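Scroll down for the structure; my scribbles are underneath it.
The values are calculated or read from the model by the stated rules, or taken from the named source; none is laboratory data. This one's a predicted model, so the numbers in the text were calculated from it and none came from an experiment. When we count neighbours, we look across all protein chains shown, and the Cβ atoms used for this are built from the backbone with ideal geometry, even at glycine.
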Amino acid sequence: MVRVGLQISATFENVDSLETDGEYSYFFKLTCSNCGETSDKWHDISETERVQHDTRNAAGFNFYMKCKMCGRENSIDVVEKSSVAYTADDAGKFKTIIVFDCRGVEPVEFSPRIGWKVKSSENGQTFEDVDLSEDDWVEYDQKNKNSVGIYEFASKFIKLKK
């Protein structure tokens, strides 16, 4: 089992924080640790969803797949309480926002898509279901009467020690 952290980086304009909740679906491309096969389709993993495919684990997994190339059974679980917000203090630097327990498969590419929550600066508006699929997002904060934005969104994965 390998622990993998999803790190993001972005620059903010009048934004306090960027975060997800347990309902958010993380979309990944995955590589089998056994044969090295990388999926060509996107797989979604959500903290609140569990699938049951293995009689040895009654609790199930957040994600389960059988490798099309070698037939190995692989799974991923979200580490409980590992999800954190990316804040204005973090802007421009990579920060781990969530951790996954990976068994036999590892994420290699992340697609941010829709479902983010953005809080604007100075107790301004909160924006729900923000779509970061274009890596940039711009909106207008009616409360503070200024523009808010997220730019240069980037992501990477790092292996973590337990």
Fill in the blank from the handout: Reported set for segment 113-138 where residues are exposed (fewer than 13 other Cβ atoms within 10 Å of the Cβ) and assigned to a strand (DSSP E or B) is Ile114, Glu128, Asp129, Asp131, Val138
Exercise for the section: Test each condition in (1) in a loop (DSSP other than H, G, I, E, B); (2) hydrophobic (A, V, I, L, M, F, W, C); (3) more than 13 Å from the chain's Cα centre (by Cα) for Val84 and report the one that comes out false. Expected result: (3)
Practice task
Can you give me the ranges of the strands (runs of 3 or more DSSP E) entirely in segment 1-79 with at least 1 residues that are polar (S, T, N, Q)?
Solution key: 2-13, 15-19, 25-32, 43-46, 73-78
Exercise for the section: Give segment 139-162 a look and list any residue that's over 18 Å from the mean Cα position of the chain (by Cα), in contact (Cβ under 8 Å) with a residue 24 or more places away in the chain and exposed (fewer than 13 other Cβ atoms within 10 Å of the Cβ), or say none. Expected result: Ser147, Lys161, Lys162
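Yes/no matrix, rows are residues, columns are (1) more than 30 Å from Lys143 (Cα to Cα); (2) in contact with a Gly (Cβ under 8 Å, 6 or more places away or on another chain):
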position	(1), (2)
Arg72	yes, yes
Glu80	yes, no
Asp90	no, no
Cys102	yes, no
Glu122	no, no
Handout entry: Some residue of segment 94-104 being surrounded by fewer than 15 Cβ atoms within 10 Å (Cβ to Cβ), at pLDDT 95 or above, assigned to a strand (DSSP E or B) and not charged (D, E, K, R)
Key = no
